[in-house]
Amino acid sequence: MSNTDLPEWNFDGSSTHQSEGSNSDMFLIPVAMFRDPFRRDPNKLVFCEVLKYNRMTAETNLRHTCNQIMDMVTNEHPWFGMEQEYTLLGVDGHPFGWPSNGFPGPQGPYYCGVGADKAYGRDIVEAHYRACLYAGVKIGGTNAEVMPAQWEYQVGPCEGIEMGDHLWISRFILHRVCEDFGIVVSFDPKPITGNWNGAGCHTNFSTKRMRDEGGLKYIEEAIERLSKRHEYHIQSYDPKGGSDNARRLTGFHETSSIHEFSAGVANRGASIRIPRQTGQEQKGYFEDRRPSANCDPYAVTEALIRTCVLNETGDEPVQYKN
């Protein structure tokens, strides 16, 4: 069975603030299917696009346009890998494992740390990882992050629209796993103010030409295009058009400034990092470190294609005919 064998369904959009109660039905269009790690086989998790009563795309549905853009560049074979950072919280909103009336020791020993005094919530992380593997999500790794109770997992490489599908379903699975543990997951870009790392969703990107011999030339061309469209990407990289990410992209805690574009080899304080291996081999991929943890992956991947492959300019996306 594939998602094309599944029927359309509907839901009450007024309960999700997507429609009026007098005309509330919205369409669910199956677009991807995964094994259900909670009920197990033969049950499935079905990922859907949302259409309004008139079958126009819902405002919250960024997949539809992203898919159109991806269909325009299939010959480029765009690969993405997204590094999803998140923070574990108690139901009271306090970071999991932190002292109830204070703070843990300063950052330093927590990143990729091991031990009950350094890694808070590893059983949740492992349960999520195994659930994603069972579901068929292209999850590729996980690690404890710099701030205690903060973690990361990586999804990819995924080609085209598949990136957004797999990241969104991995987020659903994470929320569902945390529910079983009585824990809340936060994708807030800066959950704790002060001298603590924020949470991003660093996005690795390449095309076939970038991955082939001499591909560094095309990576450098893409970065040059990105440098001329910084504001457009900042607007695309968090759901609030940059205001959420402004709390994180300060130029400190391994981030670039939200106000300036920068790039460099092995530079985690830059907007764009070229991995050292890419520089040495003269081919590979680059990492855009600007997307926030709560970004919509469809908006991020679409923006990268528009700028780096379709060579769009300006602050507004081009409207293409269907």
For this session: Sort the stretch 220-278 into rounded, prolate or oblate with this rule: let a ≥ b ≥ c be the square roots of the eigenvalues of the Cα gyration tensor; rounded if a/c is under 1.5, and if a/c is not under 1.5, prolate when a/b is larger than b/c, oblate otherwise.
Result: oblate
Exercise. Once you treat every alpha carbon in the stretch 89-181 as an equal point and sum by Debye, what is log10 I(q)/I(0) at q = 0.10, 0.17 Å⁻¹?
Worked result: -0.29, -0.77
Seminar exercise, completed: Cross-link reach from LYS118 to lysines, straight Cα distance under 22 Å and at least 8 residues apart if same chain, gives LYS190
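With a 1.4 Å probe and every protein chain kept in, tell me what percent of the accessible surface of the chain is carbon plus sulfur. Numbers along the way, then the final one.
On the way: 7810 of 15410 Å².
Here it works out to 51 percent.
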Seminar exercise, completed: Simple spin-label estimate for ASN143/THR57, 7 Å along Cα→Cβ, in nm, reads 3.5
Exercise. Does the stretch 90-244 classify as rounded, prolate or oblate by the C-alpha gyration tensor (a ≥ b ≥ c root eigenvalues; a/c under 1.5 gives rounded; else a/b over b/c gives prolate, otherwise oblate)?
Worked result: prolate
Problem set entry | Average accessible surface area per residue within the stretch 73-112, 1.4 Å rolling probe, Å² | 51
Seminar exercise, completed: Computed over the stretch 190-297, protein heavy atoms only, probe 1.4 angstrom, the accessible area per residue in square angstrom equals 43
For this session: Starting from the stretch 43-98, pick out the GluC sites (Glu not before Pro) whose DSSP state is loop and whose Cβ has at most 11 other Cβ atoms within 10 Å.
Result: GLU59
Exercise. Does the stretch 153-275 come out rounded, prolate or oblate by the C-alpha gyration tensor, with a ≥ b ≥ c the root eigenvalues, rounded set by a/c under 1.5 and, if not, prolate when a/b is larger than b/c and oblate if not?
Worked result: oblate
Exercise. Cα to Cα, under 26 Å, and not fewer than 8 places away if on the same chain: which lysines meet these conditions relative to LYS52?
Worked result: LYS44, LYS240, LYS321
Seminar exercise, completed: Per the rule of 0.36 nm per residue minus the C-alpha distance, extending ASN311 to PHE172 adds in nm 46.7 nm
Exercise. Taking the Cα centre of the stretch 146-271 as origin and charging only Cβ (+1 Lys, Arg; -1 Asp, Glu), how large is the dipole, in debye to the nearest 20?
Worked result: 220
Exercise. At a Förster distance of 30 Å, what's the computed FRET efficiency of HIS94 paired with TYR134, Cβ-Cβ distance as r, to 0.05?
Worked result: 0.45
Exercise. Do the sum for the chain: with -39,500 (n - 2.57) for every DSSP H run of n ≥ 4, divided by all residues, what is the mean residue ellipticity at 222 nm, to the nearest 500 deg cm²/dmol?
Worked result: -8000 deg cm²/dmol
For this session: Taking 7 Å along the Cα-to-C-beta vector as the label spot, tell me the ARG276-HIS77 distance in nanometres, rounded to one decimal.
Result: 2.8
Seminar exercise, completed: Checking GLY121, GLY21, GLY140 against a Gaussian network model of the chain (alpha-carbon springs below 10 Å), the top fluctuating residue turns out to be GLY21
For this session: For the stretch 1-69, report the accessible area per residue in Å² (1.4 Å probe, heavy atoms, rounded to an integer).
Result: 64
For this session: Within the stretch 145-170, which residues have the backbone N less than 15 Å from the label spot 7 Å out from ARG247 along Cα→beta-carbon, could you tell me?
Result: none
Seminar exercise, completed: In whole µm²/s, the translational diffusion coefficient that Stokes-Einstein assigns to the chain, given a Kirkwood hydrodynamic radius over C-alpha pairs, 25 °C and 0.890 mPa s, equals 118
Problem set entry | Mean Kyte hydropathy of -0.5 or more with a Cα span along the axis of at least 15 Å, helices from DSSP in the chain | 122-135, 162-181, 216-227, 297-308
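The values are calculated or read from the model by the stated rules, or taken from the named source; none is laboratory data. Quantities reported herein were computed from a predicted structural model and do not represent experimental measurements. Positions of Cβ are backbone-derived with ideal geometry, glycine not excepted, and every protein chain shown enters the neighbour counts. Ligands, DNA and RNA are excluded from the accessible area calculation, which covers all protein heavy atoms including side chains. Shrake-Rupley method; radii C 1.70, N 1.55, O 1.52, S 1.80 Å.
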